[in-house]
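What follows is a set of notes on a single structure, which appears directly below.
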Amino acid sequence: MYLKRTAISLEEAKEKLAGITVTPKVVRVKSVEAHGFVLAEDLRAPFPIPAFRRSGYDGYGILAHDDEDFPREFTMVDEVGAGSTHESALKSGECVRIMTGAKVPDDVAKVIMLEDTEALSGNRVRILRTSAKSNITEIGEEVARDERVIPAGTRLNAGAVSVLAAFGVSEVSVYKKPRVAVVATGSELAENARPEDGKIYNSNGPLLSGLAQENDADVTGVYELTDDLEATRELLARLTAENDLVITTGGVSVGDFDFLAVIAQENDCLFNKLAMRPGSPTTAFLMKGKPVIALSGNPSACFTGFWFFAEPLIRRFQGQTTRIRPGRGILRDGYTKKNEFDRYLNGVNGADGVSLNGHGQSSELSSLYQANCFYRIPHDTAVTAGEEVAIWWIPER
Ligand code: AMP
Ligand code: MG
């Protein structure tokens, strides 16, 4: 089959994908399972925090008009541990022993820290000195009732789920994670525990499913196919019907067994050639309206393609934009290999600049785990150490 390929730029390719209609869906999830979801509505405080006057220290609670003439002796009338209360009124010269986090009785004006006191015999205590601070956190000092604590659009990390718990919120509205299927194609992928001669293990399957999960997708399956046009067609038809996005790897080039490009042409092809390296044969198409991003089988190209093309789409399903942040970096090493296309290398950007991660080969896989950015070597250009380049930060994963 003759395939027409016209190279478009990375930016044009991203625009084409940005043109796909995506409708984020909102679902209710239990707060204990909400980690990694994006909040779809503001979280407002159902009650203030603290909800009661809270002691900041272990010590003794005293009345306002007893807060003078130290050192002075008091009678301890009760012990208030965290979680318990003391309700009856204090008389002058009386105090309550109180612990950190306990509810301070309404008439207590100050908690004198234990360090500023001396225990005497029985229930007598000597308070040696007072302090400027009351050591009491007043109601709503941290959060007022109905205050917006977490805005809609926030990805719920550990700190955020702890807020849900602190307010006793048992369920929240979040964006449904997009269902993503990963398909690795290639007759060289080993089925056995030990690859036979000429075969390799499928490392891109776990790479893509891991990246999709790191970006909060619901990975519904990782499939393997031999280079078989009919089997690939059938699987893609099924997976596009069942998922929001299908990401494939391998079989997009111009080899005799590269069937993804053929299937793209039979469907609604968005692009099938990019003016970039690695990953120039990267392809994207819609199959009955569902997006398929077909990445190169070369691991490094596959990694780069995921971040530039799949990640922004995964985030859009959650009402979000890409987490890749563009910036500038200073090259630690020069790069002299000239190319007709812009080259996007994966790098490590540290305090002393951007260095090449691994050897810069698109077939490389062993260094991908440590890349924290991509950087661009413009086409037909050699760059020298110390030059400034465009970089794209890979988000913390
Ligand atoms: P392709 O894009 O199918 O032409 O494959 C390009 C290169 O990537 C070949 O060397 C393949 O063996 C390798 N490759 C393809 N698929 C995978 C995979 N799932 N895991 C690791 N390497 C792969
Ligand atoms: Mg292949």
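Our compactness index for region 1-49, the C-alpha radius of gyration over the empirical 2.2 N^0.38 Å, is 2.14. Dipole orientation for the chain: of the candidates 34, 359, 225, 225 has the Cα lying most toward the positive pole (charges on Cβ; Lys, Arg +1; Asp, Glu -1). Relative to the longest principal axis of the Cα atoms of the chain, helix 229-242 runs at roughly 30 degrees.
Mean residue ellipticity at 222 nm from the helices of the chain, using -39,500 (n - 2.57) per DSSP H segment of n ≥ 4 over the full residue count, to the nearest 500 deg cm²/dmol?
Working: 7 runs with 63 residues, N = 397.
When only DSSP H runs of four or more count, the value is -4500 deg cm²/dmol.
Quarter the surface of the alpha carbon convex hull of region 27-146 and you get the mean projected area, 9.7 square nanometres. Computed over the chain with a Gaussian network model linking Cα atoms closer than 10 Å, the most mobile of 96, 27, 38 is 96. Add +1 for every Lys or Arg and -1 for every Asp or Glu among the other residues with Cβ under 13 Å from the Cβ of residue 233, and state the total. Charge balance near residue 233 sits at -3. About the centre of its Cα atoms, region 244-397 shows a dipole size close to 360 debye [charges on the beta carbon of Lys, Arg (+1) and Asp, Glu (-1) only; nearest 20 debye]. For region 317-397, evaluate the Debye formula with one uniform point scatterer on each Cα (no solvent term) and list log10 I(q)/I(0) at q = 0.10, 0.17, 0.25 Å⁻¹, rounded to two decimals. Each listed q corresponds, in turn, to -0.24, -0.66, -1.27. Rg/Rh, computed from the Cα trace of region 96-211 with Rh as the Kirkwood radius, has the value 1.37.
Placing unit charges on the Cβ atoms of the charged side chains and taking the dipole of the chain about its Cα centre, the candidate lying farthest along the positive direction among 207, 306, 6 is 6. Nearest 10 degrees, 0 to 90: what angle lies between the long axis of helix 204-214 and the longest principal axis of the chain (Cα atoms)? With both axes taken from Cα atoms, the answer is about 30 degrees.
With the highest mean first, a sort of the peptides 344-351, 229-236 on other beta-carbon atoms found within 10 angstrom per residue produces 344-351, 229-236.
Counting only residues at least eight positions apart within a chain, or on another chain, the lysines with an alpha carbon under 22 Å from that of residue 30 are 176, 177.
A Gaussian network model of the chain, with springs between Cα atoms under 10 Å, assigns the largest mean-square fluctuation among 68, 171, 33 to 68. Given the chain reduced to its alpha-carbon atoms as identical point scatterers, what log10 I(q)/I(0) does the Debye formula return at q = 0.10, 0.12 Å⁻¹? The Debye formula, applied to the Cα set alone, gives -0.75, -0.92.
The order of the peptides 300-309, 45-54, 384-393 by mean Cβ neighbours within 10 Å, most packed first, is 300-309, 45-54, 384-393. With N denoting the number of residues in region 183-240, provide Rg(C-alpha) divided by 2.2 N^0.38 Å, to two decimal places. In units of the 2.2 N^0.38 Å rule of thumb, it is 1.23.
Mean silhouette area of region 227-338, derived from the convex hull of its C-alpha atoms and averaged over all directions, reads 8.6 nm². Sorted on the mean count of surrounding Cβ atoms within 10 Å across their residues, most packed first, peptides 360-367, 105-112 read 105-112, 360-367.
Each value in this text was obtained by applying a stated rule to the coordinates, not by laboratory testing. Predicted model, so just to flag it, every value in this text is computed and none were measured. As a convention, Cβ positions derive from the backbone with ideal geometry for all residues, glycine included, and neighbour counts pool all protein chains shown.
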